[in-house]
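Encoded as structure tokens, the structure appears first; notes follow it.
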Amino acid sequence: MSEAALLPALRDGTDADAPHYIRLVGEAWAEYPSIVFDVDGELPELRALASHFAARGGKVWLSEDRHGMIAARPLRDDGAWEICRLYVDKAARGTGLAHRLLAAAEAHARAEGAERMVLWTDTRFAAAHSFYEKRGYVRQGAIRILDDLSKSLEFRYGKPAKGLVVEALDAAAAASAERRLAEILVDCVAQGASVSFLAPLSLEKSRQFWKRVSTEVAQGQRVLLVAWLDGALAGTVQIDLAMPENQPHRADVGKLLVDPAHRRRGIGTALMRRAEQAAERLGRRLLVLDTREGDLAEPLYRELGWQEAGRIPGFSLDEQGRDYATIFFWKRIG
């Protein structure tokens, strides 16, 4: 029997489930001594949560074993839906229940026409940040200040809800994407991608690489593009803008990565086209990249009109010490 089959089923929450909502939220907040939990003073909706969300076009779910809950509701802007009230008993964390709850809420929102998912999470909830980031959410916008007893500050997270969407990340979003991008890089290297690393690549080493990328994004030296496919962060490419002073019209494109589980879905093509558009908007007229001869991305570059400038034999080595030629490509844009 699969692990997913062992998880409790989900059902629609009702107002009669108020004691379970209150317990789940209260016990989670109690893990943080600085947070004040005052139901009647600040969270009266917990006593009739299903009605509260139904009045706003949303819905509440509760696991059959009452160990987890979640809610979702539509927002007024840009077809967005907000994910709310995701709480799981401490003993049930790490079992996959949180993933099942979030997947159910996201699926419902998509079926209702959601174009984007957003959520707010307390800045103190570090474990929750990690969970959302693994699910493809990235930091967006300013920190929200709440006028509550706990003096709460909240991060805003978001992601596209459906389809293939490519976006450029700012510094905060890039930092919040490090966990997921690190996983993609590890998987791509394990599948033989030639991107300056050798297998087996540790997750820690991969995270350190993405931390450097986030720093360069913050410094304006690099553009980081990522692609979501139906809400899953599935690929990335970068534009290196830190060129010598006599080459301000040029940029290097690199680290085109597509999650092996999502390949052959047009993600690489979408990322490269958006990279060219972004570079052009930044005034870069000449783009350069390199790839190992025979790499999976080589045919893609040729299909997209990149011209081969030449190749250097024995430029890179694999895990067994065998050498490979590297091909250099260029493309004029604009």
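The values are calculated or read from the model by the stated rules, or taken from the named source; none is laboratory data. Here the structure is a predicted model, which is why all the values come from computation and not from measurement. Cβ sites come from the backbone with ideal geometry, for glycine too, and all protein chains shown count toward neighbours. The accessibility values were calculated without ligands, DNA or RNA, using every heavy atom of the protein model including side chains. Shrake-Rupley method; radii C 1.70, N 1.55, O 1.52, S 1.80 Å.
(1) touching a Phe, Trp or Tyr at 6+ places or on another chain (Cβ under 9 Å); (2) surrounded by fewer than 16 Cβ atoms within 10 Å (Cβ to Cβ); (3) of a type in the set (A, V, I, L, M, F, W, C): which one isn't true of V165, the others all being true?
(2)
What is the one condition in (1) out of contact with any Lys or Arg (no Cβ under 9 Å at 6 or more places or on another chain); (2) part of a loop (DSSP other than H, G, I, E, B); (3) free of Cβ contacts under 8 Å to residues at least 40 places away in the same chain that A16 does not satisfy?
Failed condition: (2).
Against the conditions (1) within 19 Å of A168 (Cβ to Cβ); (2) open to solvent by 80 Å² or more (accessible area, probe 1.4 Å); (3) basic (K, R), where does K255 fall short? Just the number, please.
Only one criterion is unmet by K255, namely (2).
Consider V25 carefully, then state whether it is assigned to a strand (DSSP E or B) and either under 28 Å from the mean Cα position of the chain (by Cα) or surrounded by 13 or more Cβ atoms within 10 Å (Cβ to Cβ) (or both).
On the way: assigned to a strand (DSSP E or B): no; either under 28 Å from the mean Cα position of the chain (by Cα) or surrounded by 13 or more Cβ atoms within 10 Å (Cβ to Cβ) (or both): yes.
So V25 fails the test.
For segment 125-135, which residues satisfy the criterion of being of a type in the set (K, R) and either within 20 Å of G41 (Cα to Cα) or buried (at least 16 other Cβ atoms within 10 Å of the Cβ) (or both)?
Correct list: R135 only.
Restricting to segment 74-102, and then to whatever is assigned to a helix (DSSP H, G or I) and aliphatic (A, V, I, L, M), can you tell me which residue is most open to solvent (accessible area, probe 1.4 Å)? Reasoning before the result, please.
Applying the first criterion (assigned to a helix (DSSP H, G or I)) to segment 74-102 yields 90-92, 97-102.
Now narrow it down to the ones that are aliphatic (A, V, I, L, M): 91-92, 97-98, 101-102.
Values: A91: 98, A92: 13, L97: 3, A98: 25, L101: 0, L102: 0 Å².
In this case the residue turns out to be A91.
Given the condition in contact (Cβ under 8 Å) with a residue 24 or more places away in the chain and in a strand (DSSP E or B), answer yes or no: does some residue in segment 39-58 qualify?
There is no residue in segment 39-58 that is in contact (Cβ under 8 Å) with a residue 24 or more places away in the chain and in a strand (DSSP E or B).
Residues of segment 136-150 being in a loop (DSSP other than H, G, I, E, B), open to solvent by 80 Å² or more (accessible area, probe 1.4 Å) and without any contact (Cβ under 8 Å) to a residue 12 or more places away in the chain, which ones?
Listed by number, the list holds a single entry, D147.
In segment 136-164, which residues are of a type in the set (D, E, K, R) and in contact with a Lys or Arg (Cβ under 8 Å, 6 or more places away or on another chain)? Before you say what the answer is, go through the steps one by one.
Filtering segment 136-164 for residues of a type in the set (D, E, K, R) gives 139, 144, 147-148, 151, 154, 156, 159, 162.
Of everything in segment 136-164, those that are of a type in the set (D, E, K, R) and in contact with a Lys or Arg (Cβ under 8 Å, 6 or more places away or on another chain) turn out to be R139, R144, E154, R156, K159, K162.
Go through (1) at pLDDT 95 or above; (2) touching a strand residue (DSSP E or B) at 6+ places or on another chain (Cβ under 9 Å); (3) in a loop (DSSP other than H, G, I, E, B); (4) of a type in the set (S, T, N, Q) for N246 and report which single condition fails.
Unmet condition: (2).
Among what's in segment 309-334 and is in a strand (DSSP E or B) and under 16 Å from A251 (Cα atoms), pick the residue that is least open to solvent (accessible area, probe 1.4 Å).
F329
Considering each residue of segment 92-111, count those that are touching a residue at least 40 places away in the same chain (Cβ under 8 Å) and of a type outside the set (V, I, T), and give that number.
The number of residues fulfilling the criteria is 10.
Has segment 264-283 got at least one residue that is part of a strand (DSSP E or B), surrounded by 14 or more Cβ atoms within 10 Å (Cβ to Cβ), among the hydrophobic types (A, V, I, L, M, F, W, C) and in contact with a strand residue (DSSP E or B) (Cβ under 9 Å, 6 or more places away or on another chain)?
The answer is no; no qualifying residue exists.
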